[in-house]
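Peer 1: Just dropping this structure here.
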Amino acid sequence: MAAGVGAQGGAMGPLVGAIDQGTSSTRFLVFNANTSELLSHHQVEIQQKFPKEGWVEQDPVEILQSVYECVERTCEKLNQLNVDIANIKAVGVSNQRETTVVWDKLTGEPLHDAIVWLDLRTQPTVERLLKRIPGQNKSFLKSKTGLPLSTYFSAVKLRWLLDNVPKVKQAVLNRRALFGTIDSWLIWSLTGGKDGGIHCTDVTNASRTMLFNIHSLEWDEELCKFFEIPMEILPKVRSSSEIYGLMKISPTLSSGALTGIPISGCLGDQSAALVGQMCFKDGQAKNTYGTGCFLLCNTGQKPALSEHGLLTTVAYKLGREKPVYYALEGSVAIAGAVVRWLRDNLGIARSSDEIEKLAADVGTSYGCYFVPAFSGLYAPYWEPSARGIICGLTQFTNKNHIAFAALEAVCFQTREILDAMNKDCGIPLSQLQVDGGMTNNKILMQLQADILCIPVVKPSMPETTALGAAMAAGAAEGVGVWSLNLDDLTAVTCECFEPKINPEESEYRYRRWKKAVKKSMGWETSEPQESGETSIFCSLPLGFFVMSSLLMLIGAKYISAYCK
C-alpha cells in the first residue's frame, strides 16, 4: 500500500492528497509534491445497484462515506510510517464523470440514488428529445457541447429525475434542490455540506453534462431551455486548479488534522489522467483502462470537432487566468466491467487475476469473439440498440477462450477509437500511453500492442488519474507547492510492450471482430411490447406442441438408455 517512506518521512517536504472516486471504487492517495512519489493510499470498493435491466445506480451517501474512510485509513498509515500529515498542503478531486446526483441543500440528503454514466433508462427520454430536433439529428447540439445526444451525459439523467421522481420535482419547486456530478457532491459535502458547503464544479466535468457551452465556458441558457433544466440548481463552474473551499473533518479522527486544508484541484477522471500522463502538448494522447476505456488526445486551445464518432471535450484549465485546453475523446462503455461480469455474473473465476491466468493458459480465443455491448455501443458508433454477444463458439470453446476473448474485446474497442482518432487528427500515433487498473494485466497490454501494431507504453507508477488531481491541487494559486513547468516535472520510468504478431494476422482478427460488432446491433428498442411479457405459452397450440416435444425427447432418452 505504501512505498519508499522511512523514519525521516516527517521532514520530506510538502505533500498533496488526491480523492479518486471511480465507478468501481474510491481511493485516497498522498503524493510527495517534489518527487511525485506515491507515499500511501487506501481503497474501498463501491457497490453498484442494478434495480432494472439497463439501470445502474449508486448510493451518494455510501460514496461520501467511502471517501471519509479512505482519507482516515490513509492518514492512519501515514502516522504509522512516521509521516506528518500536517505536511499535506492541499487535496484534489478526480471523479467518475456524468454520474448524476440531486440533493436537498437544507438537509444534505440525496433525493435519489446517483444515476451512473453507464445507465440506459433514459433512452426513451433521448428519443423524445430527438423528435424536437430537425431531422432527429443526434449531433444537433454538438456545435455547442461537442457531444451527441445520448443516454451517456448528465442532462438526460437530470431530465429523467425531474420527470419521474416526485421528491426531486418538489425540491426544485421549493428551491431546495442542488444538482451536481460526483465532484460537486463531494466538494459540497467536504466543505461543510448544509452548513456552508461550496456548490461548484470544474470545466472538465461541466463539459460532460450537455448543458455547458465549451466555447464560452458557461452554462448555456438555450441548452438548459432545450432540456428544461432550471439553471439555479446548477453548480458554479470553476477552473480545474484553484481553491474552492476548505476541508471540514471531525477533530476526533486521525484525518481531522486535514480540517482547513484547501480543496484546490478538480478534474473529471479522464482529464486527470491526461494531466497525470503529462500530455500537455498538442497531439499527445493516453488511454485509460478502468470500468470503461477512454482515449483522449490533447488538441490544444481550439476545440476540434470529430467527423468519425469521437467527442470534443474540455481537457483542463489549470488556473483561473490560464487558457483552456481541449481534447478529442473516444469512449468505450465496457472494459474492466467485462472482467467483473465474468467474475460476478458468470462465476468463471474468483478474481480478476484469475481471468488473466485463464486467458494466458490458452493464448488464443480459438475463433471466439466477445462484443460486451452491455450498455449499447459508445464511440465510434453511438448505437444504443446494441447488446452484448459472444459468437464463433464451437464444442471446443471453454471458459479460457471466453476469458481471452473478453480481454481481446477491450483491445479491439481501443483499436476502433484509435483508428477514428488517427483519421480526425491526420497524424497516426506512433505509440500509445496507457494507465488505469487493467494495465497491471500483462496479457492485456501485450494483446493491445499486437492489435494496434504499435508499442504500448505503461508508466511504472500507474496511478496517473490521482496524480493529475494532485498536480492540479498542488499547483493552484495560493497553494503553489507543485510546479507544472515542463522542465520541472519528474521524468517517469515506463514499461514498453512491443507488437509480437505480424500485421496481417492482426488485421484478420480485427476484421472478424468488426463482423461480430455488426451482429450485436439492432437488438433492443425502447418501444414497449403490446401485451406485456410475451411467452410461447400464450399460444395454447404452440405451448402444447413444445411440451409434448420435450416429453417425447425425455422419453426417447430413457428408452435408449434402457435398450443399451
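Peer 1: Using the 2.2 N^0.38 Å rule of thumb for compact globular proteins, work out how region 85-144 stacks up: its C-alpha Rg over that value, please.
Peer 2: Working: Rg = 18.3 Å, N = 60, 2.2 N^0.38 = 10.4 Å.
In units of the globular-protein estimate, region 85-144 measures up at 1.75.
Peer 1: Just flag the trypsin sites (Lys or Arg not before Pro) in region 327-410 sitting in loop per DSSP whose Cβ has no more than 12 other Cβ atoms within 10 Å. List each step's numbers first, then the result.
Peer 2: Values: sites: Arg340, Arg343, Arg350, Lys357, Arg387, Lys399; in loops: Arg350, Arg387.
Hits after loop and neighbour filter: Arg350.
Peer 1: Within the P(r) computed for region 11-167, what percentage of the Cα pairs occupies the region above 23 Å?
Peer 2: Value for region 11-167: 51 percent of Cα pairs lie more than 23 Å apart.
Peer 1: Here's a follow-up. In Å, what Rg and Dmax follow from the Cα atoms of region 164-244?
Peer 2: Just the Cα atoms of region 164-244 yield Rg and Dmax of 13.0, 37 Å.
Peer 1: Where only protein heavy atoms count, and the probe is 1.4 Å, what is the accessible area per residue for the chain in Å²?
Peer 2: 42 Å²
Peer 1: Cut-off under 22 Å on the C-alpha distance; same-chain residues fewer than 8 positions from Lys322 excluded. Which lysines are left, in chain and number order?
Peer 2: Excluding near neighbours in sequence, the set is Lys89, Lys144, Lys236, Lys281, Lys302.
Peer 1: Do the sum for the chain: with -39,500 (n - 2.57) for every DSSP H run of n ≥ 4, divided by all residues, what is the mean residue ellipticity at 222 nm, to the nearest 500 deg cm²/dmol? Walk me through the numbers on the way to the answer.
Peer 2: On the way: 16 runs with 189 residues, N = 564.
Taken over the chain, the calculation gives -10500 deg cm²/dmol.
Peer 1: I would also like to ask the following. List every DSSP H helix in the chain whose Cα atoms extend 20 Å or more along the helix's own long axis and whose mean Kyte-Doolittle hydropathy is at least -1.0.
Peer 2: Span-like helices, by this rule, are 60-80, 399-425, 540-563.
Peer 1: At Val362 and Arg512, where each label point lies 7 Å from the Cα along Cα→Cβ, what is the point-to-point distance in nanometres?
Peer 2: 1.1 nm
Peer 1: Work through the residues other than Gly196 whose Cβ is under 13 Å from its Cβ and net out their charges, Lys, Arg +1 and Asp, Glu -1.
Peer 2: Numbers: positive: Lys105, Lys194, Lys248; negative: Asp195.
It works out to a net charge of +2.
Peer 1: At a 1.4 Å probe, what is the % contribution of carbon and sulfur to the accessible area of region 304-404?
Peer 2: Within region 304-404, the accessible surface is 50 percent carbon and sulfur.
Peer 1: With 18 Å as the cut-off, how large is the P(r) tail for region 47-128, expressed as percent of Cα-Cα pairs?
Peer 2: Values: 1939 of 3321 pairs.
Counting every Cα pair in region 47-128, those more than 18 Å apart make up 58 percent.
Peer 1: Separate question: In whole Å, what are the extents of region 135-185 along the principal axes defined by its C-alpha atoms, from largest to smallest?
Peer 2: 36, 26, 16
Peer 1: Further, regarding this structure: Quick one: what does P(r) look like for region 325-413 with 10 Å bins over all Cα pairs, in whole %?
Peer 2: It works out to 17, 47, 27, 7, 1, 0, in whole percents.
Peer 1: Now for a separate question. For region 435-490, what's the radius of gyration and Dmax over Cα atoms, in angstrom?
Peer 2: 15.3, 46
Peer 1: When N counts the residues of region 452-521, how does its alpha-carbon radius of gyration compare numerically with 2.2 N^0.38 Å, as a ratio? Before the final figure, lay out the partial values.
Peer 2: Numbers: Rg = 19.9 Å, N = 70, 2.2 N^0.38 = 11.1 Å.
Taking N as the residue count of region 452-521, the ratio is 1.80.
Peer 1: Please compute the contact order of the chain in relative form: average sequence separation of alpha-carbon pairs under 8 Å and at least six residues apart, divided by the residue count, as a percent.
Peer 2: Details: 1216 pairs, mean separation 76.0, N = 564.
Over the chain, the number comes to 13 percent.
Peer 1: May I ask what percent, to the nearest 5, of DSSP beta bridges between residues of the chain are antiparallel?
Peer 2: If we restrict to bridges inside the chain, about 70 percent are antiparallel.
Peer 1: Using the C-alpha atoms of the chain, what convex hull volume per residue, in cubic angstrom, is computed?
Peer 2: 185 Å³
Peer 1: Hey, what D do you get for region 247-332 in µm²/s if you plug the Kirkwood alpha-carbon radius into Stokes-Einstein at 20 °C and 1.002 mPa s?
Peer 2: Taking Rh from Cα pairs, D becomes 147 µm²/s.
Peer 1: Local charge sum around Thr145 (other residues, Cβ-Cβ under 10 Å, Lys/Arg +1, Asp/Glu -1)? Walk me through the numbers on the way to the answer.
Peer 2: Details: positive: Lys142, Lys144, Arg208; negative: Asp220.
So the surrounding residues net to +2.
Peer 1: Which Rg and Dmax, in Å, describe the Cα atoms of region 154-294?
Peer 2: 16.9, 48
The values are calculated or read from the model by the stated rules, or taken from the named source; none is laboratory data. Computed from a predicted structure; not experimentally measured. Backbone-built Cβ (ideal geometry, glycine too); neighbour counts: all protein chains shown. All accessible areas refer to the heavy atoms of the entire protein, side chains included, with ligands and DNA or RNA removed. Shrake-Rupley method; radii C 1.70, N 1.55, O 1.52, S 1.80 Å.
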